[in-house]
Amino acid sequence: MRLKLTGPRLGIIRISKFDMVFAVFLTGYLLLVIVIAALELRRGGETRTASAKARWPVNIALIMIASGLATLIPISSFSAAYWARETDIGLFNAFGLTGVLAFIISVGFLSFWYFLVHLASHKIPLLWRFHKVHHSDYDLDVTTTFRVHPLIYLMTILMNVLVVIVLGLQPEAIIAHAMIVLLIDMWHHTSLQSPAFIESILCPYIITPKLHHLHHSDHFRETETNFGHDFALWDRIFGTYLAKPERSPQDFRYGLKQHPKKRADSLDLQLLAPFGRDPNS
Ligand SMILES: [Zn+2]
């Protein structure tokens, strides 16, 4: 399927197939988030409710502040890819790489690119200053997905547009990958446990919630593992794959060490966190 930026008019706005596909997906996605959040509260009892009361205001406020920028990530990448294809710019377009092969390579590359950016977010102190806001959540549920510093979205837009244009990635692959990432991110953070047999079948190949929860551990050696968004392949190649916790379950904690809950539950402090003197505070 080759998407075209043409479609019916709504006043002065032309609605393209991309807009329609994305709008339907986003509506379904938001409904799914609400259902999952309700199930998490119901199954988690009083402990989960108390945790939600303390943490949700920051997680929800962050996505409300940044919702425009977050939505622009796939839209800007798609527009850049579409423009690159129409003007024959970028590696894929220059070599005439199109069709199913270009789609598969584009999705594969985006998977690697997201792994690389996540790895860099932990290894480069400037990027860690922003990414640590996500890791400061001391409990995990579906709302952790949206606990992201707003400037990360801005950086992601700029970096993704640059890569998409240089490589000439396929617009259809951008949409497919954006949907995969949104769904997987939600699955990674939920406190609803996947059936054990699904975890054990998938975890050698796919980054499952169990593996991603390990990445949210407050134990440094566990945090520095499982950077992948989808395939476990990249972590295996880079030697950062970890299937089992290093510590016993009773010692397991989410979040950042020496990061008081009071600080994690303050919207002001989380927004200002990247600009403090100590990158780890
Ligand atoms: Zn991380």
Those helices of the chain passing the 24 Å axial Cα length cut-off and the mean Kyte-Doolittle cut-off of -0.5 (DSSP H runs only) are 17-86, 99-123, 150-167, 171-189
What list of ³J(HN,Hα) couplings, whole Hz, do you get for the stretch 244-255 from phi and the Karplus terms 6.51, -1.76, 1.60, once you set θ to phi - 60° and write x for glycine and proline? 10, x, 7, 10, 6, x, 5, 8, 6, 9, 8, x
P(r) histogram, all alpha-carbon pairs of the chain included - 5 Å bins from 0, percent: 1, 5, 11, 15, 18, 17, 14, 9, 6, 3, 1, 0, 0
I'd like to compare 41-51, 165-175: which one has the highest average count of other Cβ atoms within 10 Å, and what's the full order after that? 165-175, 41-51
F231 long-range amide H proximity, modeled H, under 5 Å: I207
Residue by residue through the stretch 212-220, what is 3J(HN,Hα) from phi via Karplus (6.51 cos²θ - 1.76 cosθ + 1.60, θ = phi - 60°)? Round to whole Hz and write x for glycine and proline. 6, 4, 4, 5, 8, 5, 7, 8, 3
Put +1 on the Cβ of each Lys and Arg and -1 on the Cβ of each Asp and Glu in the chain; which of L151, A94, M179 then has its Cα farthest toward the positive end of the dipole? L151
Mean separation of Cα contacts under 8 Å, 6 or more apart, over the residue count of the stretch 162-251: relative contact order %: 22
Over the chain, what is the relative contact order in whole percent, taking alpha-carbon pairs under 8 Å and six or more residues apart? 23
Fully extended contour minus Cα-Cα distance, from W128 to Y254, at 0.36 nm per residue: 43.7 nm
Treat every Asp and Glu Cβ in the chain as -1 and every Lys and Arg Cβ as +1, leave all other atoms uncharged, and give the resulting dipole magnitude about the Cα centre to the nearest 20 debye. 300
Grab the DSSP H runs of the chain that are 4 residues or longer, score each as -39,500 (n - 2.57), total them, divide by all residues and round the 222 nm result to the nearest 500 deg cm²/dmol. -21000 deg cm²/dmol
Most fluctuating residue given options I198, I184, I105, as computed from a GNM of the chain linking Cα atoms under 10 Å: I198
Using Cα springs under 10 Å in a Gaussian network model of the chain, which residue among S248, S136, S194 shows the largest mean-square fluctuation? S248
Quick one: if you stick a label point 7 Å off each Cα along the C-beta vector at A54 and L162, how many nm between them? 3.9
Taking a virtual spin label 7 Å from the Cα of I180 along the C-beta vector, which residues in the stretch 85-103 bring their backbone nitrogen under 11 Å of it? 103
Within the stretch 187-231, find all residues whose amide N lies under 20 Å from a label point positioned 7 Å from the Cα of R263 along Cα-to-beta-carbon. 216-224
Highest-fluctuation residue, D235, D139, D251 considered, GNM on the chain with Cα pairs under 10 Å: D251
Projecting each Cα onto the charge dipole of the chain (Lys/Arg +1, Asp/Glu -1 at the beta carbon, about the Cα centre), which of I63, V107, L269 comes out farthest on the positive side? L269
Centroid-to-centroid separation of the stretch 122-176 and the stretch 53-114 [C-alpha atoms, Å]: 11
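Every number in this text was worked out from the coordinates using simple rules, so none of it is lab data. For clarity, every value in this text was computed on a predicted model and none was experimentally measured. Cβ: placed from backbone, ideal geometry, glycine included. Neighbour counts: every protein chain shown.
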